[in-house]
Structure formats: structure tokens, C-alpha cells
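Participant: Right, I'll just put the structure down here and ask away after.
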Amino acid sequence: MLQGWVIVLVAFAYLGVLFAVAYYGDRRAAAGRSIIANPYIYALSLAVYCSTWTFYGSVGRAASSGIGFLPIYLGPTLMVALWWYVMRKIIRISKAYRITSIADFIASRYGKSQLLGGLVTVIAVLGVVPYISLQLKAISSSFTILLHYPRIVMPAGAVALPFMKDSALYIAMTLAAFAILFGTRHLDATERHEGLVAAIALESVVKLLAFLAVGAFVTFGIYRGFGEIFSRAQEAPKLRALMTVSETGGSYSTWASLTFLSMLSIMCLPRQFQISVVENVDEDHLGKAIWLFPLYLLLINVFVLPITLGGLMLSPAGGVDADTFVLTLPMAQQKEALALLAFVGGLSAGTGMVILETIALSTMVCNDLVMPVLLRQTWLRLNERQDVSGLLPSIRRLAIAAILMLGYAHFRAAGEAYALVATGLISFAAVAQFAPAIFGGIYWTGGTRNGAITGLSAGFAVWAYTLLLPSFAKSGWLPLGLLTEGPLGIALLKPQELFGLTGLDEISHCLFWSMLANIGIYVGVSLVGARRVAETSQATLFVDVFRHTHGFDRSRIWRGSASVQDLLPLTGRFLGPDRARDAFLAYAHRQGLRSLDELRADADLVHFAETQLAGAIGSASARVMVASVVQEEPPGLDEVMDILDEASQVRAYSRQVEQKSRELESATTELRAANALLKELDRMKDDFMSTVTHELRTPLTSIRAFSEMLLHDPRMHLAERKRFLAIVVKETERLTRLINQMLDLAKIESGNAEWHPTELDLNEVIRESVDATSQLFREKGVALELALSDSVPRVMADRDRLMQVLINLLSNAVKFSRPGEGRVEIRLGTARSGGQDSLRVDVRDNGPGISPADHQTIFERFKQVGDTLTSKPEGTGLGLPISRRIVEHFGGRLWVESELGSGAAFSFILPIGLPSEASEKLAREAAHTTT
Amino acid sequence: MTKRILIVDDEPNIVISLEYLMKREGFAVETATDGEAALKVMAERVPDLVVLDVMLPKMNGFEVCQQIRENPGWRGMRILMLTARGRDREIAKGLGLGADAYVTKPFSTSDLVARIKQLLGQVP
Amino acid sequence: MKRSGMTGQRLAAIFMVGCILLNYPILSLFTRPRVIAGIPLLYAYVFGAWALLIGLLALVIERRRD
């Protein structure tokens, strides 16, 4: 009889041993004598890949699909062969730039994008929660089963239990406590946990030994070796089927896609990234791990089929869940100690996975999700706090607890709908979405931030639709009809038969569609879109890491200024002041300097500070923080081109060079166009000046000629003298008028004119203008008709300016009228223009008219249009341009309607209800007038 | 023999002043206010010298100048161009088209008279 | 770099061999109800091929000269 307390005691004793090992490991690490600095420990720690899914779930999977449990281990075996290229590169990159998590890695590669880091974190958390939940489920049910020893009772559905009696809750809490203890005791700039790695390695040994012990017991204790088990199994037709691959139902495609999926997962699972990249002590350890890790996988799987077959043969049909055979077979044989060992093995598989996964996720949540948000909250005044290094572990602790509670919530909610392996595969498919961004990121400089964001989002969305949604439906959260009939009855959108694709299992189906969307969009968007210089330089640094980490001159792509006085406190705020000082001092010593005072804040120091910070808060946040104290310019084209030159793989960059030269070309074209425009403007200015001088010189010529003649010719007749003097006076007046109007126009155009807007009755203004010009009309014998309207509303305008416009229009009309025959009509009325009520004034004459081709010209400066009546029109050629600008100032419009030979009508409108902007402007001017 | 001078300008006051000046010096004077009118006057009676403004309605001074030079019958006619646009480019253009002299407005009356006399071979 | 370059290429070759050995159609050749030394043919083949791959990996890694 196993007492409950014995089991609990054993469990805690085991965890205690683990913690002791971790503590010892940390102590040794602090003393500089690492116990994990050897390839065997590294290889063993990689085996954290084998969770309870392996320990209990493989047997369950084998019971239903025979050899189908193996692809999950064959995939990593194959992938590891490529690690010499792939993982070595990722490790090199991560060490060079202090990458702390997979989210950090992807964010850093794509221009240190906070958005991307956050996205990866969210996907990782959502994707991995079911995986954590399955560990809780496995540990909890193994605990419950063992509690009933020697009876074999399957645990009731988790939902049936009240919270307080649910062992899974306590397990989740305990694991959270341990993860916090292991993972966040101190904050290391490199985010490495030597003690934890030692503990994980120990767990790998324990679970392997436990599984081998159970396997050996079943194979050699219950039966007499492999031969007997298999030959007995051959006798049962159902079991015989497990020993071949079924020829129908796409078993081979499932096999291939699971192999592929697990190849990606060994790279993309947050905990695998943590253990294989972040916790890696020495790149050279990779070598031995390349064959030791597959060997471990092989060993832990050798006994899976014997245990499965033994379990199926010994257990009453359907009475025992195959997922529990590893535990229930020793129990059924009354082997108390072995059952306890199996329990501990499962516990170690579960705890190892959960602790490492939550630590990895908490780092991501803290660095890539919470910190970027917090740093943006100005009300928190984080930027002003001297030391926020205490904040980081707190955030991580909270994150660990929250993630485990999420896992627990999923465990309660998901119930028994899925076997262990099926749940795990959902998580695998989620994290596999990172693969295109990672592999593209380290081998293809062309991959862009937008490509990664959109590809990842698309892949994740497809995953959620084709895998997560069905799992909800199967757990009873959503109607099952969603799966059988499709959403809204649309069969093409059935989540598990998208677009009518059948014949694949759900994982392969999801993998196909999500990878198609993910890779397609990632590549497509990257090829189409432009990218920033920061992205280009990060891309080059990642792809060419093997070139750049040796003697790469960083200062060449960095331009800016910084000071040690800024960088040190900044680093200190996140690492703690003492740690930061030590780190800077060590850096100074490496540079051959004696003290901090001698440190020069150059590109290397800025980079050093940034990588220190990146270790604590992630590269994207670190970039933002450093940028806040450093004045920097983005690297220019030259610098980036320099990096490109350095790379000898010309082909890889030719696309970029081409693009740059295209940009250069288009810049040249633009410059040329700008130059032409400038020349044109210059010519126009020249023409204008020439016109102005011409206009000024003309009256001056007369003035000078007559003055000289008067001066030099004393015998001139008096009448002649008077006539000439009158001309001089007239020309002088003309000159004055010209100068005044030119200044007036210049003032209006430059916005310096004075305006005195008041409320006006336009009738009055027209009458006054008519009075002022009545002399002209009388002299030339031109008739004037007024058609006024007494009831029009008042408008806001400058009285004198408006009179200027009216007088100009009236005198123009007289000027172009036939003496004695001319007839001019001035009319006032309301009109609706552009959806606005306006007043409209028309001045119509019966003169020669203006050809439509000249309708615009007459409003240009000095552009008088010659006519048949006088060889040269009088006036300055500025009246109409000035009038038009005055009317426009009050929100109105001035134009002409005319045909040659049928007179001309000059009209303008003034809005009654001004648009608010214009009326405010006028109100300001009015206020200005009164002060 | 009295030399004949044609004054072409669209500014009435300038025409008046030039007319007075030339008559005082003893020349026979005719006037025109645009290019076409000027050519008409010349066709009737060939002047010895034309005082030609550049900015003229209907046909500008350059065009008039060109037409004069293209007509073999007018080969002896002297042309003095008068303009308020004193830019080098225009001076060069005028002289290139066959003008004999180029005077910018406003001008000194005594200089202008001296120039005209010189062009007509009368040493002042 | 030259020598480790060879190591990488050898490992990549093992990867490709593995992909072929442990997949359709080779796999289908062994999915027969036969028994070799008391072990089902498919089971024996997969584990055998797996072990072979691991052996090759170990060979390449441990005999590299650098």
C-alpha cells in the first residue's frame, strides 16, 4: 500500500534533489568552475525534448498507431545532422548579439522590431499552453493512479473534481514555485542558468533510467525478451496490425509530415531554443550532441512497443488508458518500487519541460511583451527610475505563474478530448510557424520585417483555424457543427477540410495550409516591399555572422555621439548599478584601460552597453533604450554599401545593389527634374524682373526725355512747355501708380497686406464706387446701369479693398467701351456656389470682348490684352491680378465671361457664411483692426 | 537734302518726345505705333533711318528689323533699336538681326541725337 | 574552415540519406508481416536504420580533425 504522503514525500524529495543540484551548479558557475561545461551535459539537457508526452504518451500513441509514434523522434535525429550548419550559426549569432529567446532572435533579425518580438511571444504562449497543460494532466493522473495502488483506477475527468481536490492545481502551483526558484533567482545578462541546466540534465538521466527500467521489466520480467512479446502479439490480429504501416488512410503522408513537423519543432520550441542556444556554454559542444542526442532518443524509444504490446495483452479491454501503461504495468505486477520509479520518471519528464518552458516563455513575455509596453507608459516614469533591475525578476515571476495558470485552465477546460500526443502536436504546429522567419532570417538577406510579420500572422491564423478551433469544438466549447458542416454551413471552409482538401490527417492538413500561407506571404511580401536601413544591416549581420564576428569594424556602420555618463546609468537601471559598473570596468580592462574615466563612448561601447541591456530586456527594448540616450544617425547608404563590399558573396547582394543603383538612378532623374524646374523658375523670375523693369522704364523714358528737352531748349514756346510739363506730370503719376500697385500686389501675395474687415452692405459699396468713377463715364459718354438688390445679406470684407476691386472693374469697362456708344451694367444678387450662399456682382460692358484664350492671361501680372480700339491699353496691367487676390482673400472668386465682339462680363462672388477657417482668419484681422 | 526718320513706338508720349527732338534737329519725321503700320509707312516712302522700339503690338521690333534686312530695296536704311529691356541677350539679338545701333530706355536726348547723326553720316 | 566544411557536408549527406531511408517509399518495402530474429521486420528496419544514422553521425563527428 502506497500512502499518499509517501508519494508526495518522494516527489518533493526528488524536487529537492533537483534544486540542490541547481544550487550547486549556480555556485560552481559563480566560482568560475562550471559543471555543465561539457558536451555530455549539453546533450543530456537537450533531451528536455522528451516530456511526459514521450514518457507516457508514446506508448499511448503506439497502442493506436503502432510505429506512428516514431516520426517525432526521427525528425530531430535528421535535423540534428544539419545542426553543424544551422545551430552553429544560430548560436554564433545569439552569442554575438546577446539573444535571450527565440522571440528576441526573430525580432533582432528583422530590424529589432518590437512588434515582431511581441507577435512571436504571443504565438509562443498561446501555442505552448496546451503543451504545458498536457504535462499537468499527465503528472496529475499518474499521481491519482498511483494513489489507488494496488487497484488500477483510471482518474475521473478533471472537470468532475472541485478545485481544492484537484491535484493538478497543486502540481501547477508547485511547478510555478520551482520554475520561479530555478529561473529568476538572479538576473543574468546572458539569461543563462547553469544550475538549471545541470538539473535538467539530471532529469534526463532519471527519466531515461526509469523508462528503461520499466521497459526492461516488461520485456524481461513479465515476458522472456522481445521475441516472446512480438510472437505473442502476432497471434492477435489487432496487435499484428500495429507492426506494419497501414497501407490506407495516408499513413505515409502523416509519417512524413510528422517527421517534418518535429524537425521544425526541435528548432522552434521556446525551451529547445533556450537549452540549445541560450544555455549553450561552448559552440564545440554541438559536435558530440549531434550524435549523442539522437542516441538518447533512440534509447528512450526502444521499449515503447514492448510496453505497448505487453500492456494491451495484459490489460482488460478498454479498462486502462494506454497512456498510463508505463505506470500501470508495474502496478498490476505489484512492483511497488518500480511503479514509484516510473512515477518519478514521469515527474522528471514533466517538471523538466514545464520549468524550462515557462522560464523561456517568461523571458519572452518580460522582454518582448511587458517591457516594451511598460517603457512606453510615461506615467510609470520608468525612464526616470534609477534602478529598475528589481522589476525584471518580478515581471518574470508573475509571467511564470500566469503561464502555468493558463496551462491549468486549459487542462480543466479541454478535459479528455485529446490524448497526450495529439495535444502536443497542436503546440508543435504552432511553434513551427517560426521556422520560415528563422531559416529565412539566417540564410536570406532579402527577408524583411513586414514579410516576417505578415507571414507569421498568416501561418498562425491558419493554425488557429484548422487546429485550435477544432480542438475547442471537440472539447465542447464550440458547436461540433462547425467541423462537420463548416462555418455558416459553408463546406469549403470546414476547418479540417479547408477548401475541400481531404485525405490528410488534421496535423498534416494544418501544416500544409499554414506553411503555404506563412512561407508564401513571407517570401512574397519580402520581395515586393522596401526595407529600412536598420533591417538591411541586421539582415547582413545575421546572414554573414561567420564573417562579421571576426574583427568586424562596427564603427563603420555607426554614426553618432554618446557619453559614458549616459550609458552607464542606463545599463545600471536594468542590471543594477554595481553589476553595470563591474561590466563596464571589465570592458575597460579588456580595452587596456585602467579606469572608467578613460573609456571613450565610441560605437563599440554603445554596442557593448546595448548587448548588456539586450541580455536583460531583449534586443528590441535595448535598442529603444540606447537610442534614448545616444544621438545617432541611421547608417547611410555608404556604410551599408561598405558592409556589402566586405561580403564576397556578390550574388547574394546583387539584388540589393541593383536596388540601390536603381534608387541612385531615380534620385539622379529627380535631381535633373528639380534642376530643370529651378532653371524654369529662374527664367520666370528673370522674365518677371525684365517685365517689371520694362514697365518702370517706359514712363521714366518719357519723363527724362521731356525734362531734358525742357531743360536744354530755352526757346520753347510756352504752350509747348505746358503741354510737355503736363505729360511729365502724367507719366510721373503713372510711375507712382505702378509702384504702388506693385507693392500692393507684393504685400497681398506675401500675406503682409493690412486688412480691415467689417460687415458691409454691398449695395452701399457699389454706389460709392459708381460715384467715384462717374467722372470717367461722363467724360467718355458711356452709360451706366445699376441693378441692385436691397435685401441682400451683409458680408464680411474690407470696404476700401472691395471698392478697389469695383473701381478697377468699372474703369476697365469704361476703358474698353466705345465713346458715346458704350453701355455698362452693374448687377448685385445672391448665388449659390460650391454648396454655399454667396453674393454675386457682375460688371458687364458692350465693348470688343475678350477671346476665351485670353481669359486666364488677363489675370496675370502685366499681361494686358491688346484690342482693336486703342493700340495700347492704358493702365498698369496689375489691376485684375490685384482684384482677383482681394476677392480670393475673402473666400470668393473673380472671373470673366466673354466672346470676341460681344462684350465682357466680369463677375465675382463673396460667400455669405464663410467657412470657419476663413472666418476665423477674418475675425482675427477684425480684432486686430480695433486694437 | 533732308533726311527722313521713321519713329516706331507704342507709347504715345515717347513718340511725341522723339518727334519733337528730331524735328528740332531738322529731320523729316514720320511715326507709327505698331510694327505692321511701320512697314506700311516704309513701303510708301523709304526713310533713311528707323527708330524702332522692340516691344510693339502686332509685330515686334525684331521682326520688323528682320523684314527690313530681307528687303534689298531697303538696304541703305539705318536701324536704331530702342528698348526698355536692356539685357545683353536682346542687344546681341538686335545687332545680329542687322540693327545698326541699340539704345536702352530711358535715354539721354543729346546722346540719342548724336547717335542718330553719326548713323546718318553727319558729324555732330 | 576547409576541414569543418567537409564535416558539414558529410553531415548534410547523412541527413539526406536519413530522409530517404526513413520515408516512403523505402519504408513501404519493409512493412511486411515478417519477423527477423523475433522482431517484426518494419520495427527492426526502422530502429536499424536509425542506429545506422547515429553511428554515421558519431563517425563523422568523432573523426573530424580540428
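Participant: Do we have any residue at all in the stretch A:445-467 that's open to solvent by 30 Å² or more (accessible area, probe 1.4 Å), within 23 Å of the chain's Cα centre (by Cα) and among the charged types (D, E, K, R)?
Facilitator: yes
Participant: Something else about it: Would you check which residues across the stretch B:27-36 are in contact (Cβ under 8 Å) with a residue 24 or more places away in the chain and within 14 Å of chain A (Cβ to nearest Cβ) and list them? Write out each step before concluding.
Facilitator: Pass one, the stretch B:27-36, residues in contact (Cβ under 8 Å) with a residue 24 or more places away in the chain: B:27-35.
Scanning the stretch B:27-36 gives B:Thr31, B:Ala32, B:Thr33, B:Asp34, B:Gly35.
Participant: Moving to a separate point now. Return yes or no: is A:Ser702 facing chain B (nearest Cβ under 9 Å), open to solvent by less than 100 Å² (accessible area, probe 1.4 Å) and under 60 Å from the mean Cα position of the chain (by Cα)? Steps first, answer last, please.
Facilitator: Values: facing chain B (nearest Cβ under 9 Å): yes; open to solvent by less than 100 Å² (accessible area, probe 1.4 Å): yes; under 60 Å from the mean Cα position of the chain (by Cα): no.
No; evaluated as a whole, the condition is false for this residue.
Participant: Residues in the stretch A:589-611: is at least one in contact (Cβ under 8 Å) with a residue 60 or more places away in the chain, in a helix (DSSP H, G or I) and buried (at least 19 other Cβ atoms within 10 Å of the Cβ)? Give the steps one after another, and end with the answer.
Facilitator: First, the residues of the stretch A:589-611 that are in contact (Cβ under 8 Å) with a residue 60 or more places away in the chain: A:611.
Checking the rest, the ones that are also in a helix (DSSP H, G or I) come to A:611.
If we keep only those that are buried (at least 19 other Cβ atoms within 10 Å of the Cβ) too, we end up with A:611.
Yes - at least one qualifying residue is present in the stretch A:589-611.
Participant: Is the stretch B:47-63 home to any residue that is small (Gly, Ala, Ser), within 14 Å of another protein chain (Cβ to nearest Cβ) and not in a loop (DSSP other than H, G, I, E, B)? Give the steps one after another, and end with the answer.
Facilitator: Quick first cut of the stretch B:47-63, residues small (Gly, Ala, Ser) only: B:61.
Now restrict to residues that are within 14 Å of another protein chain (Cβ to nearest Cβ): B:61.
Now narrow it down to the ones that are not in a loop (DSSP other than H, G, I, E, B): B:61.
Within the stretch B:47-63, one or more residues are small (Gly, Ala, Ser), within 14 Å of another protein chain (Cβ to nearest Cβ) and not in a loop (DSSP other than H, G, I, E, B).
Participant: Can you find even one residue in the stretch A:75-90 that is charged (D, E, K, R) and either more than 30 Å from A:Ile442 (Cβ to Cβ) or open to solvent by 50 Å² or more (accessible area, probe 1.4 Å) (or both)?
Facilitator: Just the residues of the stretch A:75-90 that are charged (D, E, K, R), to begin with: A:88-89.
Remaining after also requiring either more than 30 Å from A:Ile442 (Cβ to Cβ) or open to solvent by 50 Å² or more (accessible area, probe 1.4 Å) (or both): none.
No: the stretch A:75-90 contains no residue that is charged (D, E, K, R) and either more than 30 Å from A:Ile442 (Cβ to Cβ) or open to solvent by 50 Å² or more (accessible area, probe 1.4 Å) (or both).
Participant: Can you tell which of A:Arg734, A:Arg778 is in contact with a helix residue (DSSP H, G or I) (Cβ under 7 Å, 6 or more places away or on another chain) and basic (Lys, Arg)?
Facilitator: Details: A:Arg778 fails: in contact with a helix residue (DSSP H, G or I) (Cβ under 7 Å, 6 or more places away or on another chain).
The match here is A:Arg734.
Per-residue answers, yes or no, for (1) within 14 Å of chain C (Cβ to nearest Cβ); (2) at pLDDT 85 or above; (3) on the phi > 0 side of the Ramachandran plot:
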position	(1), (2), (3)
A:Lys207	no, yes, no
A:Leu212	no, yes, no
A:Tyr223	yes, yes, no
A:Ala236	yes, no, no
A:Phe260	yes, yes, no
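Participant: Now, a different point. Can you tell me which of A:Gly66, A:Gly60 is part of a helix (DSSP H, G or I) and open to solvent by 10 Å² or more (accessible area, probe 1.4 Å)?
Facilitator: On the way: A:Gly66 fails: open to solvent by 10 Å² or more (accessible area, probe 1.4 Å).
Testing whether each residue is part of a helix (DSSP H, G or I) and open to solvent by 10 Å² or more (accessible area, probe 1.4 Å) leaves just A:Gly60.
Participant: At least 3 residues that are surrounded by 21 or more Cβ atoms within 10 Å (Cβ to Cβ), charged (D, E, K, R) and in contact (Cβ under 8 Å) with a residue 40 or more places away in the chain in each: list the helices (runs of 4 or more DSSP H) lying fully within the stretch A:191-280 that qualify.
Facilitator: Numbers: elements: A:194-216, A:226-235, A:237-240, A:251-268, A:270-273.
Output list reads A:194-216.
Participant: Then there is this: Among (1) of a type outside the set (Phe, Trp, Tyr); (2) surrounded by 19 or more Cβ atoms within 10 Å (Cβ to Cβ); (3) within 20 Å of the chain's Cα centre (by Cα); (4) part of a helix (DSSP H, G or I), there is one condition A:Gly407 misses while meeting the rest; what is its number?
Facilitator: Result: A:Gly407 fails condition (3) only.
Participant: Surrounded by fewer than 24 Cβ atoms within 10 Å (Cβ to Cβ) and among the β-branched types (Val, Ile, Thr): which single residue out of A:Val326, A:Val320 fits that description?
Facilitator: None of the other options fit; the residue is A:Val320.
Participant: Sticking with this structure for a sec: Given A:Glu821, A:Glu749, which one is part of a helix (DSSP H, G or I), more than 14 Å from chain B (Cβ to nearest Cβ), surrounded by fewer than 19 Cβ atoms within 10 Å (Cβ to Cβ) and of a type outside the set (A, V, I, L, M, F, W, C)?
Facilitator: Details: A:Glu821 fails: part of a helix (DSSP H, G or I).
A:Glu749 is the lone residue from the list that is part of a helix (DSSP H, G or I), more than 14 Å from chain B (Cβ to nearest Cβ), surrounded by fewer than 19 Cβ atoms within 10 Å (Cβ to Cβ) and of a type outside the set (A, V, I, L, M, F, W, C).
Participant: For B:Gly73, which of the numbered conditions (1) at pLDDT 90 or above; (2) open to solvent by 10 Å² or more (accessible area, probe 1.4 Å) fails to hold?
Facilitator: Exception for B:Gly73: condition (1).
Participant: Could you please find all residues in the stretch A:501-516 being of a type outside the set (Gly, Ala, Ser) and within 33 Å of the chain's Cα centre (by Cα)?
Facilitator: Within the stretch A:501-516, the subset of a type outside the set (Gly, Ala, Ser) is A:501-502, A:504-507, A:509-513, A:515-516.
Within the stretch A:501-516, A:Leu501, A:Glu506, A:Ile507, A:His509, A:Cys510, A:Leu511, A:Phe512, A:Trp513, A:Met515, A:Leu516 meet the criteria.
Participant: Can I ask one more? Regarding the stretch C:37-51, can at least one residue be identified that is surrounded by fewer than 13 Cβ atoms within 10 Å (Cβ to Cβ), more than 7 Å from chain A (Cβ to nearest Cβ) and at pLDDT below 85?
Facilitator: The answer is yes; a qualifying residue exists.
Participant: So if I check each of B:Lys40, B:Lys117, which one is in a helix (DSSP H, G or I) and either aromatic (Phe, Trp, Tyr) or in contact (Cβ under 8 Å) with a residue 40 or more places away in the chain (or both)? Give the steps one after another, and end with the answer.
Facilitator: Values: B:Lys40 fails: either aromatic (Phe, Trp, Tyr) or in contact (Cβ under 8 Å) with a residue 40 or more places away in the chain (or both).
Of the residues listed, the single one that is in a helix (DSSP H, G or I) and either aromatic (Phe, Trp, Tyr) or in contact (Cβ under 8 Å) with a residue 40 or more places away in the chain (or both) is B:Lys117.
Participant: Inspect all residues belonging to the stretch A:714-734 and state whether any of them is open to solvent by less than 70 Å² (accessible area, probe 1.4 Å), at pLDDT 80 or above and within 19 Å of A:Pro881 (Cβ to Cβ).
Facilitator: Within the stretch A:714-734, the subset open to solvent by less than 70 Å² (accessible area, probe 1.4 Å) is A:716, A:720-721, A:724, A:726-728, A:731-732, A:734.
Now restrict to residues that are at pLDDT 80 or above: A:716, A:720-721, A:724, A:726-728, A:731-732, A:734.
Still in the running and within 19 Å of A:Pro881 (Cβ to Cβ): A:734.
Looking for residues that are open to solvent by less than 70 Å² (accessible area, probe 1.4 Å), at pLDDT 80 or above and within 19 Å of A:Pro881 (Cβ to Cβ), one finds at least one in the stretch A:714-734, hence yes.
Participant: In the stretch A:476-490, what residues are farther than 21 Å from A:Arg412 by Cβ, open to solvent by 60 Å² or more (accessible area, probe 1.4 Å) and in a loop (DSSP other than H, G, I, E, B)? Give the derivation first.
Facilitator: Initial filter on the stretch A:476-490 (farther than 21 Å from A:Arg412 by Cβ): A:481-490.
Filter once more, so that each one left must be open to solvent by 60 Å² or more (accessible area, probe 1.4 Å): A:484-485, A:488, A:490.
The answer is A:Glu485, A:Ile490.
Participant: Just to verify a result, which residue in the stretch A:828-847, among those that are hydrophobic (A, V, I, L, M, F, W, C) and surrounded by fewer than 20 Cβ atoms within 10 Å (Cβ to Cβ), is modelled with the lowest pLDDT? I'd like the intermediate steps shown before the answer.
Facilitator: Here is the first cut: in the stretch A:828-847, the residues hydrophobic (A, V, I, L, M, F, W, C) are A:828, A:831, A:839, A:841, A:843.
Still in the list and also surrounded by fewer than 20 Cβ atoms within 10 Å (Cβ to Cβ): A:828, A:831.
Numbers: A:Leu828: 87, A:Ala831: 81.
In this case the residue turns out to be A:Ala831.
Participant: Against the condition within 27 Å of B:Ile14 (Cα to Cα) and either of a type in the set (Lys, Arg) or modelled with pLDDT of 85 or more (or both), how does A:Ala783 come out, does it pass?
Facilitator: Working: within 27 Å of B:Ile14 (Cα to Cα): no; either of a type in the set (Lys, Arg) or modelled with pLDDT of 85 or more (or both): yes.
No; evaluated as a whole, the condition is false for this residue.
The values are calculated or read from the model by the stated rules, or taken from the named source; none is laboratory data. None of these values were measured; they are calculated from a predicted model. Please note: Cβ atoms are built from the backbone with ideal geometry, for glycine as well, and neighbour counts cover all protein chains shown. The accessibility values were calculated without ligands, DNA or RNA, using every heavy atom of the protein model including side chains. Shrake-Rupley method; radii C 1.70, N 1.55, O 1.52, S 1.80 Å.
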